[in-house]
Each structure stands twice: as structure tokens, then as C-alpha cells.
Amino acid sequence: MASGTALIYDDEMTSYKLLWDDPECDIEVPERLLSSYEQLKHYHLVERCIHVPVREGTEEEIMLVHSSEYLEVVKSTQTMNEEELQRVSENYDAVYFHPNTYRCAKLAVGATLQLVDSVMSGKVRNGMALVRPPGHHSQRNAANGFCVFNNVAIAAQYAKRRYGLQRILIVDWDVHHGQGIQYVFEEDPSVLYYSWHRYEHQQFWPLLRESDYDAVGQGKGKGFNLNVPWNKVGMGNSDYLAAFFHVLLPVAFEFVPELILVSSGYDSGIGDPEGQMNATPECFAHLTHFLMQLANGRLCAVLEGGYHLKSLSESVCMTVKTLLRDPLPQISGEMAPCLSAIESIQNVRGAHKPYWKCLMYEVPPVKTAAAIVSKADAHLLPVSVQVEMEMNAQELNTFVSAFDAELVKEEKALLSLQNVLAVLDKILKKKVCSGIAESSVASVSTTFALKHCFDFGLQRVLCIVIGDMDLELDLDDGKILLMNICQKQQTEKTNSKYYISLNWKEDAERNNFFCAVLGFILPVAYSYQPDLVIIVIGPNRSLGVNGISLLTCLLQGLAESQILVVIQDTEIKLVQSVAKALSGVSTPDFGAYAPASQENVLEIKRLRDQLQQEWKMLRCSVRD
Ligand code: X5A
Ligand code: ZN
């Protein structure tokens, strides 16, 4: 096994900077490199490393990832004046150009490739390249997020070509999602890309849906893209370690990489203004140490982000010190990951379960998904409930274009549909067992949901409507059994055996719902044997929160517990109670037994007599 650690740095990469006012870009400064290198000198780490000179990446190398058109655009910025530079920069998201940017970007690519060559040739065991500009956000045709050429993606393509490597692991511990790398290797099973990133349910830059845990790769590359989205700031040492223990490392040991490239951004470290995370510099020593146990120790760390100069330079030193095989520092903090981190980890593990043996046998599925209107209320739900965000327009179109789009002209209806269909789809695809969706137009949403169920191939859906609601449904073929529990006496609207109206008078004093649930609803439901249960809760309901929750609990015996609850009003108490019922965290509390009113008891008796020929589970007397 080779020995020694390469350090690649050239102060020419500090020769560009932001020339105008731009609050988004002003953190990406030359001092990032200068202070990191100073700190390495301070700890006498520079002299312990093997110095490898930088070179320019060639056009051919750059074009392993980027288009020649884009290369020409970047090249053209060399001779531009400030105004022109500013104009080109505006074509991209969070990017600034300087006349020296092109030269530095070529050096950053070349430095990275020099590192790969040093490691692959056995000249050193591992190493680090301190480069500017960073790379992981840049794409085939675009600069993005301070990045011009995708140093690490180019290095992976280069290593595949030049050394015939078949499995490369890219670990992106920068706090941002390296979407540029993801795009390059999405369909490529020979490059496993792992990234954790501040995500906050898509509210954090670069605000991409495809940064979520369910972006697992495409085509042949399915399973080779691992995203760990952090939905809260403040993630620290134990959260990062947990993500390594429970996601990256098991998969990486199963993958058996021949080379590891680290997109080594330190904006995921404590004090960084971008990341707002809490990991201390020591954490990076531990992360480095774990990765050194793979790929025969062949590890190339390449700088990406990191904007708190002190935190950045200390973390760089921790990384290099560990590469040099110094003893590891003690890691600080209570060793307990936070709930939000565990939730993200569970989600990635679930999403990757089909692709990795190490995950296959032991990942519990997320039980319940919820789409609620006020995301601010999300924290009121049990932690085991996964809160869904809106679908993007494209995803929605794939659902809606399948039907008559007449019904969804209004925007409000469209948003409602979105909630319901997003959750329903997860249930049908068995990504979750059950779900709750708030919808301002529950009846339209339910109509669409039912259509979607039958397109998906379901045979029988039990639809229980609580409250007053008009559903325009074709009930003749028995694919839907509709039970309406309402206060008003329904004027006989249909004679279908698949429409049952249960007239239940509200009685605050003694609204005993057991006799209706046990004496009627469950026997009919079990006689029907649905593949899915949809509970729709509308206005003017004659059941309280506890009654609805109990009903929900008891219906879990049907359809392998696949239940969708659509709630018309946005009463968080109700959502909360139903969420608890579905996820099994608590059972509804009923207090003392209270008998039902005479009127309600008679209604059940009447229905039972009328329907027990059809629904045989209603029978409880030999004489009828
Ligand atoms: C390399 C890197 C961050 C860009 C942030 C833009 N880029 N808001 O950390
Ligand atoms: Zn970053």
C-alpha cells in the first residue's frame, strides 16, 4: 500500500475575487484559501505532506463534463470589462466572473487531476487539493453557486478513462447539494454519489425537488445517488456520524469503491453563515478516518465551500492531519442524533432499500404521510409522520392530464388535488401505509383520487364520507362502496346497493359512536373487503374528533391498513388526532361509556335489517 499524503495548492488560485456588490456571492473570497494554507503551515502539516504542483486542466479534460459552447463562454470572460463580466454572471445562479476566473478554474481542474494521478500512480496514498473556484454545483452548460468547472465530476470521468476504474465513490460533505455532480452521474452505476445538504423541505438554496432523499438515480444508475436532506439547521457531530453509520458507510462497503473523491466543503461546519450547522472541526477528522478504510485508502479530498475562515481552516487541518494518520481527536457533544436527522436517515434508507442488501432486511417503512395546508403546523404531528410538500407543476400534470381537466380550473382546487394525489400516490406505490391530506375541495379531490385508484388497478375502494358532501360518482359497478355518515336525512338519491347513508344525529351529551362503528360500519366494510379505505371528512359532521379517530383506528384492519384520510377543514386538532390514530402512537380517549340516543340506535337497527342480506357480516340474530 502506498504511503504519504499529497497537498496541492497554488496561491495563483487566490487571484480572482468579486468586483461588485453582490450579497449572495461576497462570502466566496481569496482568503478562504490563504487562511486554510496558513493554518496548515501553523500546525506544521504542510511540511509533512508531499507537495504536488498544480497544472491547468486541458480543454479535453474540461469537456469530459462540460460542453464546448460553455467552455467558450467561460474562456471569453478573460478579456471582459467589469460591466460585461457582470452581465455574463447574471446568466447564472449565484455566480461571479473575474478576468482571472478562467485561469483559476483551469488550475482547479488541473490540481484535482494531479491529485488523482498522484494517488492512482501510487506516488501517495491520499491527499487534498485546496482549490478555487469550487466545482460541485457547475453543470454541463452552466456555472452555478460559485462553481465554474466541476472539478470532482471531471476527476471521476478522468479516473474512469485513464485508469479504467469501475467503481468510484464521491462523498460530498459540503452543506449544499452538489446537484451538478448528481446530474452528471444520475444514470451511471459506476459512480456512487453521496451528498448531505441543508434542505429544509426545499426552502434552502438551490431549492431543488431533486435534492430530496427520493432522488435515487435513474435507469441503470438507480441506487447510486444517495441524498440525505437535512430539514433543520443545527445538525452536529452526532447527526453527521449517524448519517455515515446508517447510510453512507454500509452502502459504501457494499459498493466496494476503487477510489474515493471527497467534495470537501466545510460550510457544513460550525460557525458557517451558509450552513448554520454545528459540526466541529474534529468531526471532519472522523469522517475522513472512516472513508480511509475504503478503496485501499485511495482518497482524494478536493475543497468545495466553507465560508467561516476559522472553522474552515481548522477543519481543513483536521482532514489533512487525519490523512497523515495522526491519532484521532476526541469528538465532542452528546452522542445522540436529533429526531429530524433520524427521520431523514430513515427516509433515505427506505428509498434505497430496493438497491442495497445492507438495507433490504431491516428498514421499517414510514407508516404515515401527511400533506397539510399550514406547514407551520407540521411539528404538531407525530414525528413518525412524514410531511409532504407540494408536487411541482410537472408531477401534477402527469396526474391531472390523465383525466378530464375540467374540474380543476380553479387554482384552489388544483392545490387541494395536489395534496390528496401526492399522498394517495405514496400509498398506492406502498411507499407509506397510510396518509392524511387537507383539501379545501374534498369532494373534487376525492373524485379524482378514486379515478386515480382505478387507473392504478384497484378493484374495490371503501369510501366513508363523514359530514355533508356531494360526490358525483358512478356507483353501479361495485368498485366503490360509499357510506355517508351525515346529520341530515338524505333524500333517497340512489338505489345502488353501493350507496349507504347512515343518518347519525349529533348529540353532544352522549354521542356514543361504538354502536354505529361496531354494529354497522365495520361489518359492512369487512363484508366488502376493500383494497383501500378513503375517509373523507367534510363540513357539518356528526362525529367528534375522538369518534373519527376511533373509526380510523378500527378500519386499519382492512386493506392491509392502507387508509387515506381527506380532511376538508384545516383544523389541526383533527389532523393531529387522526395522525396519531394512523401512526399508532396513541388511541383515542373516550372517557366513560355513554349510551347512544334512542334515535341513533334505531337508525342502526333499521339499516341492519335492510342491508343484512347484502352484507352478511351484519347478521347477529338467527331469526332475521
Ligand atoms: C460551493 C458552495 C454555495 C453557493 C451558495 C449560493 N456554493 N447561495 O458552497
Ligand atoms: Zn457549499
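Any residue in the range 253-276 that is among the hydroxyl-bearing types (Ser, Thr, Tyr), more than 17 Å from Met128 (Cβ to Cβ) and out of contact with any Leu (no Cβ under 9 Å at 6 or more places or on another chain)?
No, the conditions are met nowhere in the range 253-276.
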Among (1) open to solvent by 10 Å² or more (accessible area, probe 1.4 Å); (2) part of a helix (DSSP H, G or I); (3) within 16 Å of ligand 2 (Cβ to nearest atom), Val233 falls short only on (2)
Within the range 200-212, restricting to residues that are in a loop (DSSP other than H, G, I, E, B), touching a residue at least 60 places away in the same chain (Cβ under 8 Å) and open to solvent by 30 Å² or more (accessible area, probe 1.4 Å), the one that is nearest to ligand 2 (Cβ to nearest atom) is Trp205
Those residues of the range 510-542 which are open to solvent by 30 Å² or more (accessible area, probe 1.4 Å) and among the aliphatic types (A, V, I, L, M) amount to Leu518
Out of (1) of a type in the set (D, E, K, R); (2) in contact (Cβ under 8 Å) with a residue 40 or more places away in the chain; (3) open to solvent by 10 Å² or more (accessible area, probe 1.4 Å); (4) assigned to a loop (DSSP other than H, G, I, E, B), the one Lys106 does not meet is (4)
Please work out if His197 is open to solvent by 40 Å² or more (accessible area, probe 1.4 Å), under 16 Å from the mean Cα position of the chain (by Cα) and not aliphatic (A, V, I, L, M). no
Taking the range 319-340 and keeping residues among the aliphatic types (A, V, I, L, M) and either open to solvent by less than 30 Å² (accessible area, probe 1.4 Å) or not in a helix (DSSP H, G or I) (or both) leaves Val320, Leu323, Leu324, Leu328, Ile331, Met335, Ala336
Exercise. Based on what the data block shows, is Gln139 more than 19 Å from the chain's Cα centre (by Cα), closer than 24 Å to Lys75 by Cβ and either open to solvent by 10 Å² or more (accessible area, probe 1.4 Å) or of a type in the set (Gly, Ala, Ser) (or both)?
Worked result: yes
Taking the range 543-587 and the residues there that are touching a residue at least 60 places away in the same chain (Cβ under 8 Å) and touching a Cys at 6+ places or on another chain (Cβ under 7 Å), the one that is surrounded by the fewest Cβ atoms within 10 Å (Cβ to Cβ) would be Ser561
If you go through Arg125, Arg132, the only one that is within 14 Å of ligand 1 (Cβ to nearest atom), in contact with a strand residue (DSSP E or B) (Cβ under 8 Å, 6 or more places away or on another chain) and not aromatic (Phe, Trp, Tyr) is Arg132
Of Val251, Val228, the only residue that is in a helix (DSSP H, G or I), among the aliphatic types (A, V, I, L, M) and farther than 25 Å from Ala2 by Cβ is Val251
Of the residues in the range 40-94, those that are farther than 21 Å from Val152 by Cβ, of a type in the set (D, E, K, R) and touching a Leu at 6+ places or on another chain (Cβ under 8 Å) come to Arg48, Glu82
Counting only residues that are among the charged types (D, E, K, R) and closer than 15 Å to Gln139 by Cβ, the range 189-212 contains a total of 1
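Taking Ser190 as the residue in question, decide whether it is touching an Asp or Glu at 6+ places or on another chain (Cβ under 7 Å), polar (S, T, N, Q) and either within 14 Å of ligand 2 (Cβ to nearest atom) or without any contact (Cβ under 8 Å) to a residue 60 or more places away in the chain (or both).
no
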Those residues of the range 271-312 that are more than 24 Å from Leu192 (Cβ to Cβ) and within 16 Å of ligand 1 (Cβ to nearest atom) come to a total of 10
Within the range 1-38, of all residues that are in contact with a helix residue (DSSP H, G or I) (Cβ under 7 Å, 6 or more places away or on another chain) and assigned to a loop (DSSP other than H, G, I, E, B), the one surrounded by the fewest Cβ atoms within 10 Å (Cβ to Cβ) is Met1
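Name the single residue that is nearest to ligand 1 (Cβ to nearest atom) among those in the range 177-186 being open to solvent by less than 10 Å² (accessible area, probe 1.4 Å) and closer than 15 Å to Asp212 by Cβ. Can you show your working first?
Step one: filter the range 177-186 for residues open to solvent by less than 10 Å² (accessible area, probe 1.4 Å), giving 177-182, 185.
Narrowing the set further to residues that are closer than 15 Å to Asp212 by Cβ leaves 177-179, 182.
Values: His177: 10, Gly178: 8, Gln179: 11, Gln182: 14 Å.
The qualifying residue nearest to ligand 1 (Cβ to nearest atom) is Gly178.
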(1) assigned to a helix (DSSP H, G or I); (2) in contact with a Phe, Trp or Tyr (Cβ under 8 Å, 6 or more places away or on another chain) all hold for Tyr70 apart from (2)
The residue from Lys497, Lys488 that alone is closer than 25 Å to Phe454 by Cβ, basic (Lys, Arg) and open to solvent by 30 Å² or more (accessible area, probe 1.4 Å) is Lys497
Scanning the range 39-64 residue by residue, the ones that are of a type in the set (A, V, I, L, M, F, W, C), open to solvent by less than 30 Å² (accessible area, probe 1.4 Å) and in a helix (DSSP H, G or I) total 2
Expected output for the range 14-43 (first residue closer than 17 Å to Phe97 by Cβ, partner among the small types (Gly, Ala, Ser) and surrounded by 16 or more Cβ atoms within 10 Å (Cβ to Cβ), Cβ below 7 Å, 6+ apart or cross-chain) is Glu24/Ala94; Cys25/Ala94
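The values are calculated or read from the model by the stated rules, or taken from the named source; none is laboratory data. Computed from a predicted structure; not experimentally measured. Note that we place each Cβ from the backbone using ideal geometry, even for glycine, and neighbour counts take in every protein chain shown. Heavy atoms of the whole protein, side chains included, go into the accessibility calculation; ligands, DNA and RNA do not. Shrake-Rupley method; radii C 1.70, N 1.55, O 1.52, S 1.80 Å.
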